[in-house]
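Working notes for the structure below.
A short reminder: the numbers here are calculations on the coordinates, not readings from a lab. Bear in mind the structure is a predicted one, so any value in this text is a computation, not a measurement. Because the Cβ atoms are built from the backbone with ideal geometry, glycine has one as well, and the counts that use them run over all protein chains shown.
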Amino acid sequence: MAKQTKKKRKQLIAEKRELAMIEGILEGSPDGIGVVVVRLECGCRKMAAVAIDGEPASKVIIYRDGAESVCEKCKDDGGAFMRVTESFIHWVDPEPSEDEKNIIYSKVLGSTPH
Ligand SMILES: [Zn+2]
């Protein structure tokens, strides 16, 4: 089979450890229809629930797995955008329509997943 040249956006799925955080965030955010997950190069994570209109539905939470606090860099810059390696939205079931997703994506992450 020929090598695929078309670049497909990597389907990002929350890791088990992230899912635990996501569930906790959603419990405290009744308006949340999803959680924005931002992975930073240092290993810290930033998360926030998002409402159907793309507005934040919770406070932004920044944490580091297995550590009492985030790393020194994040303490400094609060998880700066330039150090983000991956970001995606974990949707609550039932997921919003593709159109709604795209609107929320562009509002929250500044780009659509396509
Ligand atoms: Zn960090």
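Of note:
- Using θ = phi - 60° and Karplus 6.51 cos²θ - 1.76 cosθ + 1.60, couplings along segment 38-54 (whole Hz; Gly, Pro as x): 10, 9, 9, 4, 7, x, 6, 10, 10, 9, 7, 6, 10, 8, 4, 8, x
- A simple spin-label model places the labels of Ile61 and Lys16 1.9 nm from each other, with each point 7 Å out along Cα-to-Cβ.
- Links that overshoot a 23 Å alpha carbon limit, given the list Lys73/Lys101; Lys16/Lys75; Lys16/Lys59: Lys73/Lys101; Lys16/Lys75
- Amide H contacts for Ser87 (H built 1.01 Å from N in the peptide plane; partners 5 or more residues away or on another chain; cut-off under 5 Å): Arg39.
- Label-point separation in nm, Thr85 to Glu72, each point 7 Å along Cα→Cβ: 2.0 nm
- Other residues within the sphere of radius under 15 Å centred on the Cβ of Ile61, judged by their own Cβ, net out at +2 (K and R +1, D and E -1).
- Separation of alpha-carbon centers, segment 51-67 and segment 91-110, rounded to whole Å: 15 Å
- Both radii are taken from the alpha-carbon atoms of the chain; with Rh as the Kirkwood radius, Rg/Rh is 1.00.
- Charge dipole (debye, nearest 20) of segment 2-109; +1 at Cβ of Lys and Arg, -1 at Cβ of Asp and Glu: 760 debye
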